[in-house]
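Down below is the structure, laid out as structure tokens.
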Amino acid sequence: MVSILNRWEGIILRSIPYGESHKIVTIFTKEAGKVTAMARGAKKPASRLAAITQPFTHGHFLIRSGRGMGTLDQGEQIDSYRHIRTDLEATAYASYIMELIDRLTDENNARHGLFELLESSLHAINEEYDPAAITLFVEWKMLPVAGIYPTLHQCARCGSTEGEFGFSFKEIGFLCHRCFHLDHYLVRLSPTQVKLLRTFYKVPILAIGNLSLKKETKEFMKKLTRTVYDEQVGIHLKSKTFLDQLNNTPALLPNNGKTEKEDD
């Protein structure tokens with residue numbers, strides 16, 4: 001069978017040791033979606049593939065594809081995301097984002113916009129934007145990939161676009177105050193929270209600038225988002241456990257002089 005040599009732009013999601021000297025890498029590419037390839041000899045320190053097969057590496061990759069798993073022949077680094085690699089909080093959130101995208105996507109399915117979502121989120125975290133806010137963006141934008149389409153532009157029942165709104169896990173979207181009685185477990189939202197949810201779902205990450213949210217706002221949004229994922233998506237991520245442990249250990253997360261502010 002004739003093999004095809006592809007030059008794809010991508011980001012290393014996972015790198016797993018294989019045998020004494022090889023690695024199996026999962027790359028999310030701009031052109032072909034998620035692909036898996038064998039990187040022969042990449043475990044050897046002197047290998048030209050050693051650095052380019054590290055997680056978080058953004059680069060151009062020459063991948064030989066044919067029947068079965070492809071082979072990574074060579075790569076050229078575009079960005080190593082140095083801040084993500086050296087900052088524990090940035091590493092934790094970026095790892096969660098990559099695992100979420102990995103778990104919700106299939107091999108060789110180049111769904112429009114997913115590479116751009118991954119690249120822009122890692123870029124924003126690397127530029128020291130609030131990683132918790134960036135993660136909320138990614139979680140909401142990945143819901144359609146998981147087959148969940150929340151109604152956030154109007155009331156999910158009557159279609160109203162005005163008045164007070166709450167989030168209904170039953171309807172997976174907004175209910176207006178006229179329809180609150182339809183869901184006794186509805187979570188009432190402030191106008192700012194309504195705006196934030198719409199922003200997370202619709203606005204590109206890099207279009208909003210360095211959004212910084214108050215701690216209580218992030219906690220509220222995280223609980224709401226996690227409930228949607230627990231009830232509607234039902235996946236368990238290893239990186240979530242580490243991220244939760246990190247957030248429950250404040251001494252490991254210095255504020256670094258940043259001032260939290262509310263987006264309005």
For region 1-96, just run the numbers: alpha carbon Rg, then divide by 2.2 N^0.38 Å, N being how many residues it has.
-> 1.06
Would you mind working out the accessible area per residue for the chain, using a 1.4 Å probe, and quoting it in Å²?
-> 51 Å²
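What GluC sites (Glu not before Pro) in region 1-58 are in a loop by DSSP, with at most 16 other Cβ atoms within 10 Å of the Cβ? Let's see the in-between values first.
Numbers: sites: Glu9, Glu20, Glu31; in loops: Glu20, Glu31.
For GluC sites (Glu not before Pro) across region 1-58 that sit outside H, G, I, E and B with at most 16 neighbouring Cβ atoms in 10 Å, the list reads Glu20, Glu31.
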For Gly113, net neighbour charge (Lys/Arg +1, Asp/Glu -1) across residues whose Cβ lies under 12 Å away = +1
Taking only Cα atoms, what is the 0 to 90° angle, nearest 10, from helix 114-126's long axis to the longest principal axis of the chain?
-> 90 degrees
Inter-label distance for Arg111 and Lys222, nm, one decimal - labels placed 7 Å from Cα along Cα-to-Cβ = 2.5 nm
Hey, what D do you get for region 106-214 in µm²/s if you plug the Kirkwood alpha-carbon radius into Stokes-Einstein at 37 °C and 0.692 mPa s?
-> 217 µm²/s
Using the alpha-carbon atoms, what tilt in degrees (0 to 90, nearest 10) does helix 238-247 show relative to the longest principal axis of the chain?
-> 60 degrees
When the accessible area of region 5-52 is split by element with a 1.4 Å probe, what percent falls to carbon and sulfur?
-> 52 percent
Given the pairs Lys218/Lys238; Lys170/Lys218; Lys43/Lys240; Lys43/Lys218; Lys202/Lys240, which span a C-alpha to C-alpha distance of over 32 angstrom in this model?
-> Lys43/Lys218
Taking Cα atoms, how many degrees apart are the long axis of helix 215-228 and the longest axis of the chain, rounded to 10 and kept between 0 and 90?
-> 80 degrees
Whole-percent carbon and sulfur contribution to the accessible surface of region 103-256 (1.4 Å, no ligands, DNA or RNA) stands at 49 percent
Cα-only Debye scattering, the chain: base-10 log of I(q)/I(0) at q = 0.09, 0.13 Å⁻¹ = -0.47, -0.88
Any idea what the dipole of region 54-210 comes to, in debye rounded to 20, about its Cα centre with Lys/Arg Cβ at +1 and Asp/Glu Cβ at -1?
-> 600 debye
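The values are calculated or read from the model by the stated rules, or taken from the named source; none is laboratory data. As the structure is a prediction and not an experimental result, all values here were calculated from the model. Cβ: placed from backbone, ideal geometry, glycine included. Neighbour counts: every protein chain shown. Side chains are part of the model used for accessible areas, which takes the heavy atoms of the whole protein and leaves out ligands, DNA and RNA. Shrake-Rupley method; radii C 1.70, N 1.55, O 1.52, S 1.80 Å.
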